[in-house]
Ligand SMILES: Cc1cc2nc3c(=O)[nH]c(=O)nc-3n(C[C@H](O)[C@H](O)[C@H](O)COP(=O)(O)OP(=O)(O)OC[C@H]3O[C@@H](n4cnc5c(N)ncnc54)[C@H](O)[C@@H]3O)c2cc1C
C-alpha cells in the first residue's frame with residue numbers, strides 16, 4: 001500500500017487488510033492520492049455541505065483540477081485514462097470520509113460521462129467531456145418522472161422534431177445534481193407511440209429557454225447532495241442534441257450501461273459498510289459501560305464479527321464483479337445481484353453500527369447517524385431492489 005493509503009484516521013482499515021483483487025499499483029497510487037485530496041479538500045466541509053443541502057461548485061472544480069473526475073474516460077477527451085477500477089477506488093474513498101454518494105459524481109463521472117464516451121458523436125464528446133473532467137460542467141441524468149420510475153419505457157416527457165429542432169415538454173423528479181447541473185442528459189420520447197424504441201437520450205443545457213429547476217428536494221438522508229425536480233416547457237434544442245444523433249437508441253443505451261451503474265452502487269455499499277464498522281470499532285473500544293469497554297461485551301464482539309464477515313463476503317463478490325466488468329463480462333444478472341445484496345447488507349450493517357453507538361448513534365452530528373440515513377436510498381435508486389430481483393429471476 002503506498003504512502004498515505006494506510007489507516008487514514010480509522011482504527012481498522014479493511015482495504016489495507018485485504019487489498020482488492022482489481023487494485024493494480026496504478027489504482028493503489030490513485031487511491032492514495034484521492035485519500036490525501038479528500039481528507040484535505042472535502043472532509044473539513046462535509047458538515048457544512050450537509051447543512052447547506054448542496055456541495056460547493058468549487059469542490060467539483062477542485063476535484064476536476066486534481067484529476068479525480070471522469071477517471072475512467074480516455075485522456076484524449078480530458079479524462080484520467082484509467083478504468084472503472086480507478087473510479088471504484090474513488091467511490092470507496094468518498095465513503096471513507098462519510099460523504100459517499102452525496103457527492104453526485106457516480107452520476108457525473110460514472111454514468112453521464114460514459115453515455116457520452118460510449119454513444120456520443122465525436123463533436124459531442126469534444127464539446128462536453130473535457131469540461132466535465134475539469135469540473136467546469138456538472139452533469140445530471142434525468143430518467144425518473146413524477147408518474148414513472150421503475151417503468152422507464154412509460155416516460156411521458158417528449159422531444160418532438162420541429163424543423164431543425166427538438167421541442168421538449170415534460171417534467172422529471174428526484175434528479176441528482178439537479179440544482180448544480182449545467183448539462184442534463186434527458187430521457188425522452190422522440191416517438192411517443194413506440195415504447196422502448198421511441199426513447200432517446202437528449203443533451204439539454206441548463207441555459208436553454210423553457211428549462212426550469214424546481215426546489216432542492218428535502219430528503220431524509222444524503223443531505224449534502226442536491227436532488228431536484230426539473231421542468232421542460234417548449235425547450236428547443238438542435239436535433240443534433242440526441243446522444244449519438246440517431247433517435248430511438250436511448251433505451252438500448254441505458255440498458256447497456258446499467259450493469260456498470262449498479263456495480264458502482266454496490267461498491268459504494270461495500271465502502272460504506274467497511275467505514276461504518278471501522279468507526280464503530282473505534283467507538284465501542286473507547287466507550288465504557290458497567291466498568292468495561294462496550295467492545296468487551298460478548299454481544300458486541302459477536303455482532304461486529306458477523307458484520308465484518310458480511311462486509312468481507314460482499315467485498316469478495318463485488319470484487320469479482322469488478323474483475324468481470326474489466327474483462328467485459330459483467331452481465332445484468334450479476335450486477336443486479338451485487339446491487340441488491342450489497343445495499344441490503346449495507347443497511348443491516350449500518351443499523352447495527354447505530355445500535356452499538358447507543359443514543360449517540362441517533363445524533364445527527366455523529367457520522368454514523370448520517371451514514372445510516374444516507375444508506376437507505378441505496379435500495380431504491382439505480383433500479384429498486386425489487387426490480388433487481390425481477391431481473392435476476394429472468395435468468396433462473
Ligand atoms: C436520492 C435519490 C436520487 C435519485 N437520483 C436519480 C437521478 O439522478 N436520475 C433519475 O432519473 N432518477 C433518480 N432517482 C429516482 C430513482 O431511480 C427512482 O426513485 C427509482 O427508480 C424508483 O422509481 P419510483 O420512485 O417511481 O418508484 P416506483 O416505480 O413507483 O416503485 C414503487 C415501489 O413499487 C415497486 N415496484 C415497481 N415495479 C415493480 C415490479 N415490477 N415488481 C415488484 N415491485 C415493483 C418498487 O420496487 C417500489 O418498492 C433518485 C431517487 C432518489 C430518492
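The values are calculated or read from the model by the stated rules, or taken from the named source; none is laboratory data. The model shown is predicted, which means the values in this text are computed figures rather than measured ones. We place every Cβ from the backbone using ideal geometry, glycine too, and count neighbours over all the protein chains shown.
For residues that are away from the ligand (no atom under 14 Å from the Cβ) and either in a strand (DSSP E or B) or assigned by TED's automatic domain parsing to the domain that holds residue 126 (or both), scanning just the range 204-214, find the one that is surrounded by the fewest Cβ atoms within 10 Å (Cβ to Cβ). Filtering first and then ranking leaves 212. Between 166, 129, 161, the distinction of being within 22 Å of residue 68 (Cβ to Cβ) and either in contact (Cβ under 8 Å) with a residue 24 or more places away in the chain or in contact with a helix residue (DSSP H, G or I) (Cβ under 6 Å, 6 or more places away or on another chain) (or both) belongs to 129 only.
The single condition from (1) assigned to a loop (DSSP other than H, G, I, E, B); (2) within 20 Å of the chain's Cα centre (by Cα) that residue 364 fails is (2).
Does residue 129 satisfy being more than 16 Å from the ligand (Cβ to nearest atom), buried (at least 20 other Cβ atoms within 10 Å of the Cβ) and at pLDDT 95 or above? Walk me through how you get there before you give the answer.
Numbers: more than 16 Å from the ligand (Cβ to nearest atom): yes; buried (at least 20 other Cβ atoms within 10 Å of the Cβ): yes; at pLDDT 95 or above: yes.
For residue 129, the condition - more than 16 Å from the ligand (Cβ to nearest atom), buried (at least 20 other Cβ atoms within 10 Å of the Cβ) and at pLDDT 95 or above - is met.
Candidates in the range 52-93 are the residues that are without any contact (Cβ under 8 Å) to a residue 40 or more places away in the chain and closer than 26 Å to residue 217 by Cβ; of these, the one that is surrounded by the most Cβ atoms within 10 Å (Cβ to Cβ) is 56.
Listed here are the residues, each with its yes/no results for (1) within 16 Å of the ligand (Cβ to nearest atom); (2) in the same structural domain as residue 175 (by TED's automatic domain parsing); (3) surrounded by fewer than 17 Cβ atoms within 10 Å (Cβ to Cβ); (4) free of Cβ contacts under 8 Å to residues at least 60 places away in the same chain.
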site	(1), (2), (3), (4)
353	no, no, no, no
357	no, no, no, no
362	no, no, yes, yes
366	no, no, no, yes
371	yes, no, no, no
377	yes, no, no, no
382	yes, no, no, no
389	yes, no, yes, yes
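Only one of the numbered conditions (1) closer than 23 Å to residue 256 by Cα; (2) touching a residue at least 60 places away in the same chain (Cβ under 8 Å) is violated by residue 96, and that is (1).
Within the range 81-93, is even one residue more than 19 Å from residue 270 (Cβ to Cβ) and more than 20 Å from the chain's Cα centre (by Cα)? Looking for residues that are more than 19 Å from residue 270 (Cβ to Cβ) and more than 20 Å from the chain's Cα centre (by Cα), one finds none in the range 81-93, hence no. Residue-level check: of (1) crowded, with 21+ Cβ neighbours inside 10 Å; (2) more than 20 Å from residue 243 (Cβ to Cβ); (3) within 16 Å of the ligand (Cβ to nearest atom), residue 110 misses just (2). Scanning the range 215-228 for residues that are surrounded by 15 or more Cβ atoms within 10 Å (Cβ to Cβ) and either part of a loop (DSSP other than H, G, I, E, B) or without any contact (Cβ under 8 Å) to a residue 40 or more places away in the chain (or both) gives 217, 219, 221, 222, 223, 224, 225, 226. Can we say residue 265 is touching a residue at least 60 places away in the same chain (Cβ under 8 Å) and touching a helix residue (DSSP H, G or I) at 6+ places or on another chain (Cβ under 6 Å)? Judged against the criteria, residue 265 is a match.
Among the residues of the range 245-273, write down those that are over 17 Å from the mean Cα position of the chain (by Cα) and surrounded by 18 or more Cβ atoms within 10 Å (Cβ to Cβ). Selection gives 247, 249, 250, 251, 253.
So if I check each of 246, 218, 229, which one is out of contact with any helix residue (DSSP H, G or I) (no Cβ under 7 Å at 6 or more places or on another chain), more than 16 Å from the ligand (Cβ to nearest atom) and farther than 30 Å from residue 318 by Cα? Being out of contact with any helix residue (DSSP H, G or I) (no Cβ under 7 Å at 6 or more places or on another chain), more than 16 Å from the ligand (Cβ to nearest atom) and farther than 30 Å from residue 318 by Cα holds for just one of 246, 218, 229, which is 246. Only residues that are within 16 Å of the ligand (Cβ to nearest atom) and either assigned to a loop (DSSP other than H, G, I, E, B) or touching a helix residue (DSSP H, G or I) at 6+ places or on another chain (Cβ under 7 Å) (or both) were counted in the range 173-203, giving 18.
If I go through the range 50-77 residue by residue, how many of them are within 21 Å of residue 132 (Cα to Cα) and assigned to a helix (DSSP H, G or I)? Don't jump to the end; show me each part of the working.
Going through the range 50-77, the residues within 21 Å of residue 132 (Cα to Cα) turn out to be 54-77.
Those left that are additionally assigned to a helix (DSSP H, G or I): 57-65, 75-77.
Here the count works out to 12.
Note on the range 148-172: residues that are within 11 Å of the ligand (Cβ to nearest atom) and under 23 Å from the mean Cα position of the chain (by Cα) amount to 7. Only one of the numbered conditions (1) more than 16 Å from the ligand (Cβ to nearest atom); (2) out of contact with any strand residue (DSSP E or B) (no Cβ under 9 Å at 6 or more places or on another chain); (3) part of a helix (DSSP H, G or I) is violated by residue 344, and that is (1).
I'd like to know if the range 329-339 contains one or more residues that are away from the ligand (no atom under 16 Å from the Cβ) and out of contact with any helix residue (DSSP H, G or I) (no Cβ under 8 Å at 6 or more places or on another chain). Yes, the range 329-339 has at least one match.
Here 234, 282 are screened, and the one residue that is surrounded by fewer than 21 Cβ atoms within 10 Å (Cβ to Cβ) and in the same structural domain as residue 197 (by TED's automatic domain parsing) is 234. None of 36, 48 is modelled with pLDDT of 95 or more and surrounded by 15 or more Cβ atoms within 10 Å (Cβ to Cβ) except 36.
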